[in-house]
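**Q** Attaching a single structure in structure tokens format; questions to follow.
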Amino acid sequence: DNEEIVIGAVGILNWKGSIIRYRGGKRPDLGGLSRRDLETHPYRHILRRRQALEYRSEIPSPFYSPLSDDSYFGYAVSTAKFLGPESEALFYVASAPQSNHQSGEIFVFDIEDYRFDKKIKIFNKFSGDQFGEYFGYTLLCEDFNGDGFPDIAVAAPLHSKNSLYENGAVYIFINRGNVSNQKQQKIINEVNNFFGSLRLINSL
């Protein structure tokens, strides 16, 4: 809805990591000289929209996270409506490439409000297959098979096919319409060129 900005913050709490969510809210109209000047400005319709919103930062507390120190949670982030385009439920996705004994993990989660803190509620997680492959270097949520449900692509550029070279791999998790039920496919590169090291870009 273009009213949120999500940024990874991997260094929080001994590199355990978290995310920062900026949410737009209506800014109170205080009136005054600036408002009167706006009425005669040639781009007043654009400036009025900009002045109508202000962003407040929210950081889920990493104290309640199941991750250990040096996990780098938030290294890559995205959002998607995994229950389909007609659903209003927006889910967050973030990677932690150094977690799970450096095999890496990604998490599908929501942010819940508690009395004093915001916490992450995890709906699903996926793990890399290989130590040190940097699973979660980058990720992308997109409908790859055209069934209307967003899928997840996760890069692991240090994946090695024969323990000699960094071939790189991209994992595809196909969404079956349930955020907690997805099927894995894996594409492994045949040559040594860190496949997946470039940022995955939405081509639509």
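The values are calculated or read from the model by the stated rules, or taken from the named source; none is laboratory data. No experiment lies behind these values; they were computed from the predicted model shown. Note that each Cβ is placed from the backbone with ideal geometry, even for glycine, and that neighbours are counted across all protein chains shown. Areas reflect the complete protein model, heavy atoms only, side chains present, ligands, DNA and RNA absent. Shrake-Rupley method; radii C 1.70, N 1.55, O 1.52, S 1.80 Å.
**Q** Are there any GluC sites (Glu not before Pro) in region 132-192 that are in a DSSP loop and have at most 13 other Cβ atoms within 10 Å? List them by number. Write down the numbers at each step before the final one.
**A** Values: sites: GLU133, GLU142, GLU166, GLU190; in loops: GLU133, GLU166, GLU190.
Filter output for region 132-192: GLU190.
**Q** Shifting gears a bit: So if I take the alpha carbon set of region 115-161, get Rg, then get Rh from the Kirkwood formula, what is the Rg over Rh ratio?
**A** Rounded to two decimals, Rg/Rh equals 1.11.
**Q** Given axes a ≥ b ≥ c from the Cα gyration tensor, I'd like to know whether region 86-204 is rounded (a/c under 1.5), prolate (a/b larger than b/c) or oblate.
**A** Since a/c reaches 1.5 but b/c is at least a/b, the shape of region 86-204 is classed as oblate.
**Q** Excluding same-chain residues fewer than 8 positions from LYS16, which lysines have a Cα within less than 24 Å of its Cα?
**A** Reachable lysines: LYS118, LYS119, LYS121, LYS125.
**Q** Okay, next question. Amide H of ASN124: which non-local residues (sequence gap of 5 or more, or other chain) have their own amide H closer than 5 Å, using H built in the peptide plane?
**A** VAL108
**Q** Also, quick follow-up: Rounded to the nearest percent, how much of the accessible area of region 50-139 (1.4 Å probe, protein heavy atoms only) is carbon and sulfur?
**A** Taking all protein chains in place, region 50-139 shows 46 percent carbon and sulfur surface.
**Q** Per residue of region 83-96, what does 6.51 cos²θ - 1.76 cosθ + 1.60 with θ = phi - 60° give for ³J(HN,Hα)? Whole Hz please, x for Gly and Pro, Karplus curve as stated.
**A** Values, residue by residue: 8, x, x, 7, 7, 8, 7, 9, 10, 9, 10, 8, 9, 9 Hz.
**Q** In nm, what is the difference between 0.36 nm times the number of residues separating LYS81 and ASP129 and their Cα-Cα distance?
**A** So the chain would gain 14.7 nm between LYS81 and ASP129.
**Q** Fully extended, how many nm does the chain gain between ASP143 and LEU90 (0.36 nm per residue separation, minus their Cα-Cα distance)? Provide the component values of the computation, followed by the final result.
**A** Details: separation 53, 0.36 × 53 = 19.08 nm, distance 1.51 nm.
Between ASP143 and LEU90, full extension yields 17.6 nm more.
**Q** If you don't mind, there's one more thing I want to ask. Pop a pseudo-label 7 angstrom from the Cα along the beta-carbon direction at both ASP110 and ILE122 and give the gap in nm to one decimal.
**A** Here the modelled spin labels are 1.8 nm apart.
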